[in-house]
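The values are calculated or read from the model by the stated rules, or taken from the named source; none is laboratory data. Here the structure is a predicted model, which is why all the values come from computation and not from measurement. Please note: Cβ atoms are built from the backbone with ideal geometry, for glycine as well, and neighbour counts cover all protein chains shown. Keep in mind that these areas ignore ligands, DNA and RNA; they rest on the heavy atoms of the full protein, side chains included. Shrake-Rupley method; radii C 1.70, N 1.55, O 1.52, S 1.80 Å.
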Amino acid sequence: MLAIYEKKTTSLDLYRPLRNYISMFYSEREAQNLEDDLQTVKQYRSDLERQPDPSPTSRRDLLQKYFKALCLIETRFPISPDNDHINSVTFVWNDAFKQKQKASQQNIHLEKAATLFNLGAVYSQIGLSFDRATVEGRRQAIHAFIAAAGAFAYLRDNAAAKASVGTSTTVDVSVECVGMLERLMLAQAQECVFENTISKGSTPGVSAKISRQVGLYYEEALAALNVAPLKDHFDKGWTAHVQLKAALFYAEACYWYSLELHEKEDIAEEIARLKSGASTLAEAKKSSKGAAAQLLDAISKLEANINRNLDRAVKENDRVYLMRVPSPSFLPPLPAFSMVKTMPMNELLDASKEKMFASIVPDSSAKALSRYTEMVDNIIRTQAEKLQQGSELTRVRLKEMDLPDSILSLEGNLSLPTDLKEDVEAVQISQGPAGLEAELQQLMDLRRVNQELLVQTEELLQKEATEDSQFRSQFGTQWTRPQSSTLTKNLQDRLNRFAANLKQAVDSDARIEHSVRDHSALMSILDCQPIESALPSLARPIMSLDANEDAIVGALKQSLRQLETLGAQRAGLEDMLKEMKWKDDVLPKLMTSAGSYEDLFRKEIAKYDPICEDIAQNIEGQEQLLLQIQARNEEFSAVFNLQDYKASRQKCYKQIQAAIAKYREIKENINEGLKFYVSLQDAITNIKQQCSDFVMTRNIQCQEMIEDVQRQMAGLSFQDHKNTGSYSYPAINQPHQTQRSSSHPPSDPQNVPHSHPQPQTQYFQPPGQSTIPGYAHPPPPYTTPQQPPPYHMPPAPGGPYPPRQVQQPPTNQEYGQPAYPGWRGPYYNAHGQQPGSLARPTYTIPGPYPPPHQGYYRQ
């Protein structure tokens with residue numbers, strides 16, 4: 001492979017001219033502040049000349065830094081022969097391929113071009129330094145060669161043309177030379193890829209494509225070497241090397257492609273490809289003078305392989321296939337595939353983030369640049385508004401003519417308005433009208449669960465009341481415990497309200513079910529998949545006098561395609577304007593301009609005139625085309641009766657909208673019903689727990705009272721009975737305690753019978769009556785209204801719905817009031833309150849316990 005030597009230069013002092021310019025046009029203080037930057041530039045240039053560290057990587061880093069510094073110098077320091085500019089600096093560089101030729105220029109363009117050339121040369125040397133016998137070495141070589149190609153491509157696009165202006169130039173930095181070097185570096189990078197392909201044992205087809213691309217890159221480089229100005233500029237060894245490489249990899253492609261043809265038993269083309277490769281190698285060897293021995297050895301090996309396979313193929317064809325061998329000139333080109341591309345260098349060489357000479361901005365140039373930028377922005381803004389207005393006019397006019405929707409409808413490509421389409425998709429995602437049946441079933445399941453809970457709760461209270469009644473009948477007046485009905489009145493009232501709520505909710509559920517059935521036909525349109533299939537289509541006329549419908553449609557479609565092309569052109573024109581502004585770097589010209597800025601502005605602004613003319617032609621052509629489309633659309637509407645079609649389509653739109661509205665209404669009612677039943681389930685579960693606690697406590701009291709009555713009936717001593725203190729029964733959720741104390745003897749002992757136990761008095765003590773001594777802390781009885789705990793009890797195991805966290809409802813609503821709107825009204829109708837009564841808060845269920853100042857005591 002080939003590496004490129006760097007260009008040589010002469011010694012040059014940049015420090016003194018730059019410092020003098022700063023001191024003269026700015027201030028001595030500014031020059032002192034920029035001393036470090038000036039010394040840095042001086043050091044870069046000195047290292048470039050003397051090469052204190054000749055290693056390629058160090059040279060690469062130096063050249064990148066120096067090029068960025070040159071970019072910064074170019075925008076701040078005008079270097080030219082003019083008196084007001086830095087005219088004492090002359091850059092001298094020798095040609096890299098003909099050392100005796102040199103170029104000298106009093107501008108920075110040659111210096112930048114030479115620096116970029118050397119950067120590409122250093123990258124090529126780095127690529128050649130790696131060991132390509134290893135996979136890692138080949139990978140690093142590929143990266144270096146494509147970086148070299150990137151440096152040469154950047155030189156070609158940004159500096160070569162400017163550096164070639166004038167009489168004192170060299171060929172090595174010309175556009176033609178650096179373009180050839182880019183192709184050469186890509187060829188060597190692709191060659192490394194081919195070496196990787198062979199080492200991995202890829203298929204013959206892949207190897208053929210990659211090797212062919214190597215040959216194409218070398219052929220492009222060879223074509224540039226064989227024409228002016230490069231024809232007589234390079235050493236003959238270079239040309240011979242590139243020519244042999246091009247022939248070698250063409251023959252490689254023929255060889256590997258023939259292996260693939262042999263597998264397919266395409267013997268005729270296999271023979272033709274092998275002959276073509278062999279003849280190419282034979283022709284190349286005739287001009288191999290000066291080529292490397294290693295390259296000639298590779299050609300000889302490949303030639304031997306080709307001839308061996310050719311002899312085998314010819315014998316097989318003569319004995320077996322007997323196919324006619326085509327001439328190589330009639331064969332199609334070999335397939336090729338590039339695995340490398342030029343590395344972009346814009347970011348690597350971008351100097352915009354460098355801080356060097358940041359404080360130097362020429363005042364005149366800054367003002368001129370600001371004015372020029374404003375002029376460009378005004379042009380772009382005006383033209384962009386024209387383009388936008390043109391696009392908006394097209395959109396409005398086409399919508400008025402119902403295009404291209406009517407054409408699409410005729411072809412069966414129907415569509416809904418975007419907002420309506422989104423609404424339908426939202427309904428279909430939630431399973432559509434068909435999913436309402438499942439939700440209704442869920443509603444009925446929740447209702448059934450609530451009904452079962454309510455029945456279970458009522459059975460708890462009924463069972464306890466029945467047992468209490470049986471004991472009262474058994475023991476008569478000795479059973480002094482309060483009746484269950486007096487203690488459970490509040491609980492029974494609330495259960496009755498819940499039952500009434502459930503009854504009203506059943507009616508609302510029925511109304512929802514009726515609504516689903518009544519409107520199923522309306523909502524069935526939402527189940528169409530896709531929804532566009534429900535839309536009416538534009539049909540051809542049944543009868544036609546001249547049968548020119550196809551011609552009318554074809555002419556209208558052609559006009560629409562032309563309009564679409566104009567729209568795409570407008571988008572491209574706007575992008576061209578923005579790209580031109582982005583590339584419009586006028587600052588160097590402003591800083592080096594010796595004449596009037598106005599002349600420079602007129603010259604630079606003129607660059608935008610062709611695009612502005614294209615925009616004006618585009619807008620004018622669009623207006624004429626819209627008039628043509630309008631005329632053709634009127635003819636189309638008359639033939640296809642478009643007005644009736646629009647009416648039927650609009651009717652279908654309204655039907656879909658009505659179906660969506662009805663679906664959402666039913667869906668909302670069902671959701672409210674679900675919320676109601678879940679909340680009601682929490683409330684019933686809570687009151688069921690209170691009833692369970694009440695029944696458990698009554699059972700404990702019942703057992704104790706039975707024991708007490710049995711002791712009385714067994715004839716216990718009067719004194720023992722006399723010393724027995726008052727007894728109270730604990731409230732629900734409180735530990736059972738029996739408190740006893742000695743009571744005072746009766747004031748009239750004669751009134752106290754001695755032969756029989758004293759009968760037990762009633763348990764109820766009216767409010768205000770003083771308690772008997774010894775009962776300082778009576779436990780609360782069962783009728784105390786208290787706030788129930790929050791509804792956080794989980795449902796019974798196996799319940800159909802997960803637990804729901806119920807928030808405390810507002811305090812101005814009774815649970816008997818509507819819990820959700822229901823079917824165009826309350827979900828259930830509560831009993832009206834009496835005038836003046838206060839509404840109870842939702843779920844505020846009175847507790848079964850009286851306040852501590854009331855109680856049931858044994859007198």
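Couple of notes before you dig in:
- For the range 46-152, relative contact order (Cα pairs under 8 Å, six or more residues apart, normalised by length) works out to 23 percent.
- Among the listed pairs LYS102/LYS286; LYS112/LYS353; LYS102/LYS355, those whose Cα-Cα separation exceeds 24 Å are LYS102/LYS286; LYS102/LYS355.
- Scanning residues 5 or more positions from LYS102 or on other chains, those with amide H under 5 Å from its amide H are ASP95, with H placed 1.01 Å from N in the peptide plane.
- Qualifying GluC sites (Glu not before Pro) for the range 246-345 [loop in DSSP, other Cβ within 10 Å: at most 16]: GLU265
- Cα-based reach from LYS675 at 26 Å (exclusive), listing lysines while leaving out same-chain residues under 8 positions away: LYS503, LYS662, LYS667, LYS688
- For GluC sites (Glu not before Pro), no site in the range 89-186 is both called loop by DSSP and has at most 13 other Cβ atoms within 10 Å.
- Placing +1 on the Cβ of every Lys and Arg and -1 on the Cβ of every Asp and Glu, with no other charges, gives the range 110-260 a dipole of roughly 140 debye about its Cα centre.
- Protein-only accessible surface order, largest first, of ASP311, ASP37 at 1.4 Å: ASP311, ASP37
- Ranked from largest to smallest solvent-accessible area, with a 1.4 Å probe on the protein heavy atoms, THR486, THR373 come out as THR486, THR373.
- With 32 Å as the limit on Cα-Cα distance, the pairs of LYS236/LYS583; LYS367/LYS578; LYS68/LYS386 that go past it are LYS236/LYS583; LYS68/LYS386.
- For the range 65-99 versus the range 157-205, the gap between their alpha-carbon centres in whole angstrom: 26 Å
- Cα gyration tensor category, rounded, prolate or oblate, for the range 75-185 with a/c compared to 1.5: prolate
- Taking every protein chain into account, the 1.4 Å probe leaves VAL506 with about 50 Å² of accessible area, to the nearest ten.
- Within the range 201-320: Cβ-based charge dipole about Cα centre, in debye rounded to nearest 20 (Lys, Arg +1; Asp, Glu -1): 320 debye
- Counting only lysines at least 8 places from LYS557 when in the same chain, those with an alpha carbon closer than 16 Å to its own are LYS399.
- Solvent exposure of the range 233-356, expressed per residue, is 57 Å² of accessible area, with all protein chains present and a 1.4 angstrom probe.
- Reach of LYS245 by Cα under 13 Å, taken over aspartates and glutamates that are not fewer than 8 positions away in the same chain: GLU191, GLU219, GLU220, GLU283, ASP297
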